[in-house]
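The values are calculated or read from the model by the stated rules, or taken from the named source; none is laboratory data. These numbers were taken from a predicted model, which means no experiment stands behind them. Note that we place each Cβ from the backbone using ideal geometry, even for glycine, and neighbour counts take in every protein chain shown. Ligands, DNA and RNA are excluded from the accessible area calculation, which covers all protein heavy atoms including side chains. Shrake-Rupley method; radii C 1.70, N 1.55, O 1.52, S 1.80 Å.
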Amino acid sequence: MKGGGIENPAFDTPSSDFGQQYHAGPAGAGAGAAAPAGPGPYPEEGPCGWGPCAPRALQFCNNAKGYLAAYSLLAVFQDTCQTAETTFANATCSASTSSPLRNYLYVFILGQLLLGVGGTPLYTLGTSFIDDSVPKHKSSLYIGVGYAMSLLGPAIGYVLGGQLLQVYIDIQIPKSTKMDQDDPRWLGAWWIGFLACFFPVWLLIIPFSCFPKHLPGTAKIQAEKIPETHDDGGQVLVQTNDIGQSFKDFPMALLILLRNPVLMSLIVASSSEALVATGFATFLPKFIENQFGKSSSFAATLGGLVLIPGAALGQVISGVLVSKRKMDLKSIIKFMIVTCTVALILNTVFLFAKCGNEPFAGVSETYNGTGTLYNLTAPCNANCRCLRSVYYPVCGSDEVQYFSPCFAGCASYLLNNMKKTYHNCSCIGKSKRRNGSEDFLYEAVPGKCPTKCKLLPLFLVFFFFAVVFTFMSTTPTTVAILRCVPDKQRSFALGVKLLFLRILGSIPGPVLFGAAIDNSCTLWDIDECETKGACWVYDNERMAYLLMGISTACKIITIIFVVMAVYFYKPPPLTEALQQKTSEKISAIHT
């Protein structure tokens, strides 16, 4: 201790390869040799540019903030390319099962494969680059902001997709076809979104490529960091064998990561959360549409306005808290336990903010006491020869929904100001309109009956906060993974995390949620070939309970594995020694 000040233990021993290169003693000196006064510039810290072309104006961006801006913009437009879905259907029974349209499925698979290949380096190498370039306590803040900005891509996709659903898939509706957005046969122009984000992505690659291998000051920042690698021998093995210099080291490098219990616990926990996140990202609009009687385009927009801001806010808040509190690795993992527990509690929104089904003739109730449940045919429409493959719902004046005007027994309709009203409907009960005029008896109008459920605002508020707390664990998980593995394996660890996220989360998530929603179906589309197609009507309460059950189970699994990560974590001896040394110095001052 000199001059009455406290010696900073962070500068006693370097924490990474950068520090070792510039703080190691002279060649042949022992471990206790004195280090140079300060780190010199790292050889690969260079100016911003392309080879010899390094304009002075670009050097303004040659720092962590400039890189974060480029990282965020590229992530925004890259993720926008991923909100599109299409539907393939055969029109008649005689259509060949080897339709040429089926071949385009492989084009979509190839497209998604290329998106994954192009997007992975950004979230592995790009994220570890941020961690290299900023002080340790600021890493979570930068990563949180970067991840939050990347969510603007899905946000743009949600909103853009919702608007594109209002445009017919072929831009112009064929004159021979008369249908609007409420028609279940309507298909939106989903493909325009891919073209809209194609050119910005390519343009952003140019400025992104101008950054040097290491930003100025990286060596000094790395030398000041205290390692928190899980003490399982992996760090020593990597340094001793210099693992990571060639492809032949891949099996050993992978084995080191797979044997790290802290890393694997965090990966399984994040995969469980990813399963829920991707499931709701895919099917939340469908849930809102069926539970609260909204159109598909409005439900998609509303779902995006809840999911994306909530997810972004959660990641920024957690990044700020971890940064401001300067949490160590164990504190970060404990913080994740708290956020996951709160998210689990908020998940109970499905218990009290759900809606029952509106009356549906032949599905939830009979035709005025005739016919049977789950049978659309009754004496009132038996002679109408209605087709179950033509779903065109109408709402009767008795406030009961019917599968189509035919199944409602309607014999005529009137067209007034481009709006249809159906009359002489033999299946609709006698329920007079407000003016009591007999002309309005047996009337029906196109579309589903308006829902009487008013719980949508309550559901959106609770679900928004559930999303916030769910994503408050995303940034801390990434930071914890970067800290618990050897420095040379950080990008590889993030790559392993992304792989497990796809296998255990992103892929099974929509499949599992889709199966749950299908399980709540009460009326399927059956065509002339007796082939089951899409679902027309769902049991709303069953759907809510199934989705809550999946979400709750996944969050419990998340909490269990995060607790396991805390239990297994063993800080390196260096960290323990530095903490003890700091404690002794503080005690000496007080005494």
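Odds and ends about this structure:
- Working note: Karplus 6.51/-1.76/1.60 with θ = phi - 60° gives the stretch 63-72 the couplings 7, 4, 5, x, 5, 4, 5, 5, 4, 5 Hz, where Gly and Pro are set to x.
- Under the Karplus curve 6.51 cos²θ - 1.76 cosθ + 1.60, θ = phi - 60°, whole-Hz ³J(HN,Hα) for the stretch 449-460, x wherever Gly or Pro sits: 5, x, 6, 8, 6, 10, 8, 4, x, 5, 4, 5
- Counted charge near residue 343, where neighbours are those whose Cβ lies closer than 14 Å (Asp, Glu -1; Lys, Arg +1): 0
- Global geometry of the stretch 496-561, whether rounded, prolate or oblate, following the gyration tensor of its Cα atoms and the 1.5 cut on a/c: oblate
- Dipole magnitude of the stretch 295-406 about its Cα centre (Cβ charges: Lys, Arg +1; Asp, Glu -1), debye to nearest 20: 820 debye
- Accessible surface for the stretch 182-270, divided over its residues, is 52 Å² per residue with a 1.4 Å probe.
- Residue-count net charge about residue 425 - beta-carbon cut-off 10 Å; Lys, Arg +1, Asp, Glu -1: -2
- Entry comment: accessible area of the stretch 439-570 is 43 Å² per residue, from protein heavy atoms only and a probe of 1.4 Å.
- Accessible surface of the stretch 229-363, 1.4 Å probe, proportion on carbon and sulfur as whole %: 65 percent
- Amide H to amide H, with H built 1.01 Å from N, residue 521 comes under 5 Å of 539, counting only residues 5 or more places away or on other chains.
- Potential extension, residue 387-residue 59 segment - 0.36 nm per residue separation minus Cα distance: 111.2 nm
- Each of residue 334 and residue 206 was given a label point 7 Å from its Cα along the Cα-to-Cβ line. The distance between the two points is 5.1 nm.
- If R0 is taken as 35 Å, the Cβ-Cβ distance between residue 259 and residue 50 corresponds to a FRET efficiency of 0.25.
- Of 225/555; 138/213; 136/497; 138/286, those spanning more than 31 Å from alpha-carbon to alpha-carbon: 225/555; 138/286
- Exposure of residue 105 as accessible area (Å², to 10), given a probe of 1.4 Å and all protein chains: 90 Å²
- 3J(HN,Hα) couplings calculated from phi for the stretch 552-564 with the Karplus curve 6.51 cos²θ - 1.76 cosθ + 1.60 (θ = phi - 60°) are, in sequence order, 5, 4, 5, 5, 5, 4, 4, 4, 4, 6, 5, 4, 4 Hz; Gly and Pro show x.
- The alpha carbon centroids of the stretch 200-248 and the stretch 495-515 are separated by 27 Å.
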